[in-house]
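The values are calculated or read from the model by the stated rules, or taken from the named source; none is laboratory data. Just so we're clear, the structure is a prediction, and the values are computed from it rather than from any experiment. So basically every Cβ, Gly included, is an ideal-geometry build from the backbone, and we count neighbours across all protein chains shown. Please note that ligands, DNA and RNA were not included when accessible areas were found on the heavy atoms of the full protein model with its side chains. Shrake-Rupley method; radii C 1.70, N 1.55, O 1.52, S 1.80 Å.
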Protein chains: 2
Amino acid sequence: MPSADHIRRVAERYGELLTAHDADGVASLYAEEAIVEDPAGNAPLVGKSEILAFYRGAIERARPERVAVTGPVRILADGMTAAVPLQSRSTRDGRLVAVDIIDVFTFDDGGLITSMRAYWGPENVNPA
Amino acid sequence: MPSADHIRRVAERYGELLTAHDADGVASLYAEEAIVEDPAGNAPLVGKSEILAFYRGAIERARPERVAVTGPVRILADGMTAAVPLQSRSTRDGRLVAVDIIDVFTFDDGGLITSMRAYWGPENVNPA
């Protein structure tokens with residue numbers, strides 16, 4: 001199983017790569033057959049090419065200024081699942097907004113992300 | 001669907017009732033057939049009497065000093081699911097410890113909790 005340090009590094013890296021507008025970098029954190037639901041409840045994206053297209057679109061639309069981990073990464077005892085509080089700051093319609101998100105990630109033994117579900121909604125989009 | 005304000009109030013109340021060692025109060029936030037996984041991945045507790053017994057035991061063991069919401073409650077657009085960052089401070093083996101948790105709750109139309117999954121592990125239990 002991946003170490004807790006590895007999981008925390010992946011969470012930090014996820015934010016850094018989004019901040020750098022590096023969709024390929026973000027996609028490289030995922031396993032080949034990974035699943036993404038963002039927000040949770042949306043139709044799941046399956047596989048790396050759908051996931052890459054999703055992050056390309058999201059970065060293109062939101063042009064995030066800063067995406068960062070905002071609190072302790074919660075890691076289950078099995079070491080394969082983590083819940084990560086994040087904030088994404090970006091400009092929407094010319095206004096700086098902050099979106100508070102909690103992402104739940106699962107990992108494979110190699111430390112790649114096998115799934116991500118993002119918990120956030122309209123209540124979590126606020127002026128920054 | 002329950003309002004965002006209701007969901008935030010339930011999250012705050014959940015912490016207050018645990019702080020008050022009021023297991024019956026906590027159980028009263030749940031629907032009759034609710035499911036609890038604490039931590040996530042554990043065998044689910046099903047129904048209010050199992051849930052009440054679980055909280056009685058947890059309060060008896062940990063005697064929490066303070067359980068509180070530590071950041072924005074993330075609420076999905078459907079208004080039926082929320083992810084809540086919490087910290088529980090309690091005494092274990094004579095030492096004050098803080099446990100950082102993220103609870104994912106679902107709700108019914110009446111605003112009762114229908115499920116709770118708690119994300120935390122040994123990495124999240126630290127000296128307070």
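Assuming a ≥ b ≥ c are the square roots of the Cα gyration tensor eigenvalues, decide whether segment B:1-81 counts as rounded (a/c under 1.5), prolate (otherwise, with a/b larger than b/c) or oblate.
oblate
From Cα pairs below 8 angstrom and at least 6 apart in sequence, can you work out the relative contact order of chain A, rounded to a whole percent?
Contact order relative to length: 27 percent.
Please give the net charge around residue B:113, taking every other residue with its beta carbon less than 13 angstrom from that of residue B:113, where Lys and Arg add +1 and Asp and Glu add -1.
Counting the neighbours of residue B:113, the net charge comes to -3.
Can you tell me the accessible area per residue over chain B, all protein chains present, probe 1.4 angstrom, in square angstrom?
That works out to 46 Å² for each residue.
Place the label 7 angstrom along Cα→C-beta at residue B:111 and in each other copy, then list the distances from the first to the rest in nm, shortest first.
Taking the point 7 Å beyond Cα along Cα→Cβ, the inter-copy spacings are 4.6 nm.
When the accessible area of each residue in segment A:74-93 is compared between its chain alone and the complete protein assembly (1.4 Å probe; ligands, DNA and RNA ignored), which residues differ by at least 20 Å², being lower in the assembly?
A:74, A:75, A:76, A:77, A:83
Less than 15 Å Cβ to Cβ from residue B:71, Lys/Arg counted +1 and Asp/Glu -1: what total charge do the surrounding residues give?
Numbers: positive: A:74, B:8, B:74; negative: A:100, A:103, A:123, B:12, B:100, B:103.
Here the charged neighbours net out to -3.
Note the angle between two axes, namely the Cα long axis of helix B:4-19 and the longest principal axis of the Cα atoms of chain B, as a number of degrees from 0 to 90, rounded to the nearest 10.
In chain B, helix B:4-19 runs at an angle near 30 degrees to the longest axis.
Going 7 Å from Cα along the Cα-Cβ axis for the label, what nanometre distances separate residue A:77 from the same residue across the other copies?
3.8
To check you understand DSSP bridge types, tell me what percent of the beta bridges within the protein assembly as shown (both residues inside) are antiparallel, rounded to 5.
If I count the DSSP bridges inside the protein assembly as shown, around 90 percent turn out antiparallel.
Carbon and sulfur together cover what percent of the accessible area of the protein assembly as shown at a 1.4 Å probe radius?
51 percent
Describe numerically, in nm with one decimal, the distance between label points set 7 Å from Cα along Cα→Cβ at residue B:33 and at residue A:33.
Computed distance between label sites residue B:33 and residue A:33 equals 3.2 nm.
Once B and A are treated as a pair rather than alone, how much accessible area drops out, both sides summed, in Å² to 100, probe 1.4 Å?
Roughly 1900 Å².
Once both axes come from the Cα atoms, what is the angle between helix A:48-62 and the longest principal axis of chain A, in degrees from 0 to 90, rounded to 10?
It is inclined by approximately 30 degrees.
Taking residue A:61 in one copy and the same position in all the others, each labelled 7 Å out along Cα→Cβ, what are the pairwise distances from the first, in nm, shortest first?
4.3
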